[in-house]
Amino acid sequence: MVIQRSLFDTGGGPGLGVLADGLVREDLGDGAWVEHRPGWATDADAVFEHLLTEVPWRAERRKMYDRIVDVPRLVAFYGEAERLPHPFLDEVRRALADRYGGEEGGPVRTAGLCLYRGGGDSVAWHGDTIGRGATHDTVVAIVSFGEPRRFLLRPVGGSQGGGQGRRFELGHGDLIVMGGSCQRTWEHAVPKTRRSVGPRISVQFRQPGVR
């Protein structure tokens, strides 16, 4: 994997912009909504490099139809009582809890990490419906570090579900938050790309009991 330092990193250490500045919210219907805040985390190159090298990444295998296949990304998970792999992520989680703690399910407390090593790594269409997300409104906040990747949203059932899909180009330090019924009524994905891209890490902050 090739790591290219950001042209926007000033070397002053990681920080968070004012969350409300530049935050765009869209009502998706049926109780679902999404918020997008480009460039929320700043000067985060060192955080990205630390996560890339220090997180105990693991490969997963999953049954698909009649065979077991490799999951095309590396993963890690930190529960409520576990120390996050970088202090900056504690700052991120506190800021998200302050803003979204009043949503159904309470503040975000867990952190799931995915490492997309290059354009061949991806995640298929899905909703975070393991646990309470299958029956209750919830919040999933994703902060992206590293190379920009396309993040797609579509109604459950694809084009048959009615309405148009949404597309975001999530770059270094960007935030996207899916709330309300989004995990039940919409699906999201990070598709493969033929472009030559470096690694990207997504950090998914969730409320307890949601995966």
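The values are calculated or read from the model by the stated rules, or taken from the named source; none is laboratory data. Computed from a predicted model, the values in this text were never measured in an experiment. When we count neighbours, we look across all protein chains shown, and the Cβ atoms used for this are built from the backbone with ideal geometry, even at glycine.
Among the residues of segment 13-53, those identified as within 21 Å of D90 (Cα to Cα), touching a residue at least 60 places away in the same chain (Cβ under 8 Å) and assigned to a strand (DSSP E or B) are L16, E35, H36, R37, A41, T42. On the basis of being of a type in the set (K, R) and closer than 21 Å to V55 by Cβ, does R150 make the cut? Considered against the rule, which asks whether it is of a type in the set (K, R) and closer than 21 Å to V55 by Cβ, R150 comes out as no. Every test in (1) in a loop (DSSP other than H, G, I, E, B); (2) at pLDDT 95 or above is passed by A76 save one, and that test is (1). Take the conditions within 15 Å of V140 (Cα to Cα), at pLDDT 95 or above and either touching a Ser or Thr at 6+ places or on another chain (Cβ under 8 Å) or among the charged types (D, E, K, R) (or both) and apply them to R93. Does it pass? Judged against the criteria, R93 is a match.
Yes/no matrix, rows are residues, columns are (1) more than 12 Å from the chain's Cα centre (by Cα); (2) not small (G, A, S):
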site	(1), (2)
F145	no, yes
L153	yes, yes
V156	yes, yes
Q164	yes, yes
L170	no, yes
V177	no, yes
S181	yes, no
R184	yes, yes
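Out of all the residues in segment 201-208, is one or more under 14 Å from R149 (Cβ atoms), surrounded by fewer than 16 Cβ atoms within 10 Å (Cβ to Cβ) and out of contact with any helix residue (DSSP H, G or I) (no Cβ under 9 Å at 6 or more places or on another chain)? Taking every residue of segment 201-208 in turn, none turns out to be under 14 Å from R149 (Cβ atoms), surrounded by fewer than 16 Cβ atoms within 10 Å (Cβ to Cβ) and out of contact with any helix residue (DSSP H, G or I) (no Cβ under 9 Å at 6 or more places or on another chain). So, R154, is that one surrounded by 19 or more Cβ atoms within 10 Å (Cβ to Cβ), modelled with pLDDT of 95 or more, touching a Lys or Arg at 6+ places or on another chain (Cβ under 8 Å) and among the basic types (K, R) or not? In short, no. For the residues V190, V108, V197, the requirement of being buried (at least 17 other Cβ atoms within 10 Å of the Cβ), closer than 23 Å to E91 by Cβ and β-branched (V, I, T) singles out V108.
The rows are residues; the columns are (1) under 29 Å from G101 (Cβ atoms); (2) buried (at least 17 other Cβ atoms within 10 Å of the Cβ); (3) of a type in the set (G, A, S); (4) free of Cβ contacts under 8 Å to residues at least 12 places away in the same chain.
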position	(1), (2), (3), (4)
G119	no, yes, yes, no
I130	yes, no, no, no
A141	yes, yes, yes, no
G165	no, no, yes, no
F168	yes, yes, no, no
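Would you check if there is a residue in segment 54-72 being in contact with a Pro (Cβ under 9 Å, 6 or more places away or on another chain) and either among the β-branched types (V, I, T) or not in a loop (DSSP other than H, G, I, E, B) (or both)? Yes, that holds for at least one residue. Do we find a residue being modelled with pLDDT of 95 or more, touching a Pro at 6+ places or on another chain (Cβ under 6 Å) and not aromatic (F, W, Y) anywhere in segment 111-120? Yes, some residue in segment 111-120 is modelled with pLDDT of 95 or more, touching a Pro at 6+ places or on another chain (Cβ under 6 Å) and not aromatic (F, W, Y).
For segment 31-57, what are the residues that are crowded, with 17+ Cβ neighbours inside 10 Å and farther than 23 Å from E147 by Cβ? Residues satisfying the conditions are A32, W33.
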